[in-house]
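The values are calculated or read from the model by the stated rules, or taken from the named source; none is laboratory data. All figures in this text were calculated on a predicted structure; none of them were measured in a lab. Methodologically, a virtual Cβ is constructed for each residue, glycine included, from the backbone with ideal geometry; neighbour enumeration extends over all protein chains shown. Surface accessibility is based on the protein's heavy atoms, side chains included, excluding ligands, DNA and RNA. Shrake-Rupley method; radii C 1.70, N 1.55, O 1.52, S 1.80 Å.
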Amino acid sequence: MSNNLPISLLGEMAIFVRVVERGSFTGAARELGMSTSSVSRSISRLERALGTKLLQRTTRRLRLSESGQAIHERCLDMMSAARSIVSISEEYGREVSGSIRVSAPKAIGRVLIHPHILRFLDTYTKADVRLVLDDRHVDLIDGDVDMVLRVTDRPPPGLAGRRLSKIEHAICATPQYLAKHGTPTHPRDLVEHSCLCLGEMPGDARWRFKCGDEAVTVNVRGRYWANHTEVRLEGVQAHLGIGSLPFFTARRALHRGEIVRVLPEWEFITGYCGDLWLLYTPTRYMPLKFRVFIDHLAAGLEHEPALDMTEPAGTNAQANPGSV
C-alpha cells in the first residue's frame, strides 16, 4: 500500500463514519449534502482500497462486518483527533467574544456569581454577559438564556451541565438573642424561639435536621419571615430570632462574631441547599465563549471563600453566647 494512500482515503473514512452513525447511505448523504450514489461510491472505493468488506447490506439495514467494526473504531479515533485539532485552532486563532446570557437565583447570582463575572469581563474585553437574577424556574428556551444556575441533585433530562460547588445552610442568631432567650441544644427546642425563615410556602416553616442516624422535623414560628437571604440576615442581626441562612450570606457576619451558628452539630436540610449546577443545552460543538465562561466560573468557585463552611472562630453557639 502506498504511503500516500491513507491520506487520500481520509475523506472516504469520514463518510464511512457518518454512514455508520446514520445507519443508511441516504441519511448520511442528506446530512453531508451529497447524493446517495456518491456516498455509496465513496464506501466502495474505501472497501477496494482496504481490500475488505466494511458493511453488510440488507434490504432493511446496514451492519458492520467484523473487519468493518475494527476499522470503524480507528476511524472514530481519526475523527476525534480532527475535532481536537479544530478545537486547538479555535483556542489560539479566535478571541473570546459575543454575548452570554445566564440566569441565576437572586442571592446566588448577587453574592457568588456576580464578582466572578466582573473578573471575566475584565479578562475577556470582547465578551458581553447578561445576568438575569430570578428565583423562578427559568427555562433555557422560553427564558431566552444560554445557561441557568440551579441547585439540583443532577442535570434534568435533556440538559447537560457542570457541577460548580455545594450550597449549604446554617441556623444562626446573635449572641445577644441567645443570652436573653437561651441556646437550643436540640432542634425540638426551636419551638420555644422566634425563627426567621423563607416563608414562601407552608413547608418552609418545617425545618428538618439530621445528626448521625437521628432525623428531626420541627414546625417553627416567628415574627418576621422574608424570601431574601440578606433581609433575613439583617433580621437576625437585629436580634429578632434564629434564622435560616445560606452560609455564603452568613459568612462575613459569622467571622466578625456578630452572629453565631446554632446547633452546629446538626445538618440543616432544605430544598434550597445542595449542589450548584450550571446547566445548558447539550451540543456537540460548544462555542468557545461558553467553554471559557464555564471554566472561569468553575475555577473561581472551586476556591470561593464564601462556600468554605469550616467553623469560623467564635461561632459556636454553645460557647458562652452572653460573653460577646
Relative contact order, percent, the chain [alpha-carbon distance under 8 Å, six or more residues apart]: 19 percent
Charge dipole (the chain, unit charges on Cβ, about Cα centre) - positive-most of L233, F16, T185: F16
The stretch 169-269 - percent relative contact order, Cα under 8 Å, separation 6 or more: 44 percent
Leading residue at positive end of dipole, the chain (Cβ point charges), from S165, S99, W277: S99
Identified option (computed Kirkwood radius over Cα pairs in Å; candidates (1) 19.4; (2) 24.8; (3) 24.2): (3)
Heavy-atom surface of the stretch 8-90, accessible at 1.4 Å and reported per residue (Å²): 59 Å²
Cβ crowding within 10 Å averaged over residues, with 7-19, 122-134, 167-179 ranked highest first: 167-179, 7-19, 122-134
Accessible area of Y285 in the full protein assembly, 1.4 Å probe (Å², nearest 10): 140 Å²
Using a Förster distance of 45 Å, the FRET efficiency for R252-A14 (Cβ separation, nearest 0.05): 0.20
Heavy-atom accessible surface of the chain: percent carbon and sulfur, 1.4 Å: 50 percent
Sequence of H193, H181 from largest to smallest accessible area, 1.4 Å probe: H181, H193
Magnitude of the charge dipole, the chain, Cβ model with Lys/Arg +1 and Asp/Glu -1, debye to 20: 1260 debye
Heavy atoms of V96 accessible to a 1.4 Å probe, total area in Å² rounded to 10: 20 Å²
Difference of contour (0.36 nm per residue) and Cα-Cα distance, A299 to S97: 70.7 nm
Reach of K166 by Cα under 13 Å, taken over aspartates and glutamates that are not fewer than 8 positions away in the same chain: D153, D275, E302, E304, D308
Cα centre as origin, Lys/Arg/Asp/Glu Cβ charges: the stretch 113-271 dipole, Debye: 360 debye
Highest-fluctuation residue, P282, P184, P264 considered, GNM on the chain with Cα pairs under 10 Å: P282
Rounded to the nearest 20 debye, dipole of the stretch 226-306 from Cβ charges on Lys, Arg, Asp, Glu: 260 debye
Distance (nanometres) between label positions extended 7 Å along Cα→Cβ at T125 and V216: 5.8 nm
Mean accessible surface per residue for the stretch 169-269, computed with a 1.4 Å probe while every protein chain stays in place, in Å²: 48 Å²
